[in-house]
């Protein structure tokens, strides 16, 4: 356990000192900011048009300037954009050892490899949870500043529950990203994998098979295509859980047998 704590502290220190890590964190906050911009446009279309903003696109994106629309945009944006943003975090945590050419030293330390990988996964979870909470807090602040109507504590609570569900579903898909970052020895393979799954998720959902395709489930759970209860079932969450176990097993097995000479 001491090895895990030490490894976690090292990973945390590397994240704190990395400009890329802070850039990813900043990018995560774009979604609520963009949602607030759309709310401003929807509330003041004439003024927005005079400023050069395009209100028609805002109408297509939302419809009315109220909390239900704002929260819906937040959920849908997290479900779609979260695949790439979460993947960036995971790819950075697992791929930087190869990009920084520290993999050989990383594999030669006395700390058991499974503890180091567990520390990376723990930091990934903590990082994403904190960013999701921060994103929701920023959304609440922006919505209050814009003074959009339709607020209720029940709506906020249900939105937070849906956001937490989407976050958990996306988190369970990240171990496979970690595996591709490890086996691919860098950032590009996991990001390519994430982009591929994002495209396939849209296709499978359009074909009506999204409830069986793990990477489509978060978007369906967001309510993007309709009521989540009608589009997903227990099998949907089971296939996501299965992918989580597959990714974890593949990642730990790969690092256990990784060659120090690579």
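No value in this document is a laboratory result; all are computed from the given coordinates. A quick note: this is a predicted structure, and the numbers were derived from the prediction, not measured.
A few comments on the model shown:
- Stretchable slack from residue 256 to residue 164, in nm (0.36 nm times residue separation minus alpha-carbon distance): 29.9 nm
- The chain: relative contact order in percent, alpha carbon pairs under 8 Å with at least 6 residues between: 26 percent
- Rounded, prolate or oblate (a/c below 1.5 giving rounded, otherwise prolate when a/b exceeds b/c) for the chain by Cα gyration tensor: prolate
- Normalised by the number of residues in region 79-195, the mean separation of alpha-carbon contacts (under 8 Å, six or more apart) gives a relative contact order of 56 percent.
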